[in-house]
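This report concerns only the one structure given below.
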Ligand code: 5GP
Ligand code: MN
């Protein structure tokens, strides 16, 4: 699977231009690409006169503080007010219906579903698929859709798309940040958006509690150079108590993995986070290129990309979850790097 065929683009554009109402959903616990892609498309459709609602099917239903600057957040409706039988349903950055949480059933009840995504594991659960596993972000596909809808690239749309590009390429550091990605970024910047303020909001702004939480997470981090077949593993656990003490929510802990993965002795970095709302654990994994953590997490009921993936677990304690993950990591084949 690679670039979506022309026929799929044409069908998607015909449906989106023909619909009076469109309902958009992205994955639960949305990140920059999920939110940015959804709000960029929502803003573009609204500018054409379409009635748009947007949501995600999980709690907390609150835009994370780091993404509060995003445009078109007035399109957001809580999942319990989302249309039960949308005329046209569009999902963004979601590889399978379960990633849509409580909105997953709309794939069945909607008149038609357009899937816009870049996960290699996408299960093709819609009627029309704009799916490209080589796209650096879902935002890349939405940028093309905005062009094909003949919508002018406003600063609002550009800021939302830039957010998706920035976050899914690790600030343009991953191999996915190709020349074409930089060209798209240049186009977005040329609208006059303040990319410096976007980066500051996402990466360089947090309450002091985050510093304390990071300190705790780093102080309790462990390194096992023999793990992952000798490639090395670094991990930490963020307990519910740590989170409560910091006054932060689960979404605020996202950045911890980016600090942990710096450890040069470890191919794989893992953060196990207690979920204060759903209970259980939310696990983030990253690899440097020699292990497909997407496949590892898929084997544990989650998913993601080759080098950034996650899963959830209902184990009573983090050690049980870690033991299951370590066993999968031991068995994972080593990729050529
Ligand atoms: P993060 O660690 O930043 O939460 O997620 C990294 C990547 O893994 C993202 O592409 C995200 O969509 C995916 N991911 C994280 N958790 C899950 C999960 O529970 N299930 C699936 N299918 N993908 C996940
Ligand atoms: Mn994405």
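When you check residue 171 against the structure, is it in the same structural domain as residue 45 (by TED's automatic domain parsing), within 21 Å of residue 196 (Cα to Cα), surrounded by fewer than 20 Cβ atoms within 10 Å (Cβ to Cβ) and within 15 Å of the chain's Cα centre (by Cα), yes or no? Even if it seems obvious, please write down each step before you answer.
Working: in the same structural domain as residue 45 (by TED's automatic domain parsing): yes; within 21 Å of residue 196 (Cα to Cα): yes; surrounded by fewer than 20 Cβ atoms within 10 Å (Cβ to Cβ): yes; within 15 Å of the chain's Cα centre (by Cα): yes.
It is true that residue 171 is in the same structural domain as residue 45 (by TED's automatic domain parsing), within 21 Å of residue 196 (Cα to Cα), surrounded by fewer than 20 Cβ atoms within 10 Å (Cβ to Cβ) and within 15 Å of the chain's Cα centre (by Cα).
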Requested in this report: Within region 134-146, identify whether any single residue is assigned to a strand (DSSP E or B), touching a strand residue (DSSP E or B) at 6+ places or on another chain (Cβ under 9 Å) and away from ligand 1 (no atom under 15 Å from the Cβ), and answer yes or no.
Outcome: no
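Residues in region 290-301: is at least one under 15 Å from residue 29 (Cα atoms) and under 17 Å from the mean Cα position of the chain (by Cα)? Full working, then the answer.
Applying the first criterion (under 15 Å from residue 29 (Cα atoms)) to region 290-301 yields none.
No.
Conditions (1) over 17 Å from the mean Cα position of the chain (by Cα); (2) modelled with pLDDT under 95; (3) not assigned by TED's automatic domain parsing to the domain that holds residue 287, marked per residue:
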| position | (1), (2), (3) |
| --- | --- |
| 163 | no, no, yes |
| 177 | no, no, yes |
| 181 | yes, no, yes |
| 199 | no, no, yes |
| 225 | yes, no, no |
| 236 | yes, no, no |
| 242 | yes, yes, no |
| 250 | no, yes, no |
| 260 | yes, no, no |
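Between 290, 309, 266, which is outside the structural domain of residue 137 (by TED's automatic domain parsing), assigned to a loop (DSSP other than H, G, I, E, B) and crowded, with 22+ Cβ neighbours inside 10 Å?
266
For region 1-28, which residues satisfy the criterion of being within 16 Å of ligand 2 (Cβ to nearest atom) and under 18 Å from residue 160 (Cβ atoms)?
Scanning region 1-28 gives 24, 25, 26, 27.
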Requested in this report: Could you check residue 130 against (1) surrounded by 24 or more Cβ atoms within 10 Å (Cβ to Cβ); (2) more than 16 Å from ligand 1 (Cβ to nearest atom); (3) part of a loop (DSSP other than H, G, I, E, B) and say which number it fails?
Outcome: (3)
Requested in this report: Please indicate, with yes or no, whether at least one residue in region 238-249 is surrounded by fewer than 22 Cβ atoms within 10 Å (Cβ to Cβ) and either within 16 Å of ligand 2 (Cβ to nearest atom) or touching a residue at least 60 places away in the same chain (Cβ under 8 Å) (or both).
Outcome: yes
Query - Neighbours by Cβ (under 6 Å, 6+ apart or cross-chain): first from region 85-96, farther than 14 Å from residue 138 by Cβ; second more than 16 Å from ligand 2 (Cβ to nearest atom) and part of a strand (DSSP E or B) - result: 86/23; 87/21; 88/22; 89/23; 89/113
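The values are calculated or read from the model by the stated rules, or taken from the named source; none is laboratory data. Everything quoted here is computed from the prediction, not taken from an experiment. Ideal geometry is used to build each Cβ from the backbone, glycine not excepted, and the neighbour counts take in all protein chains shown.
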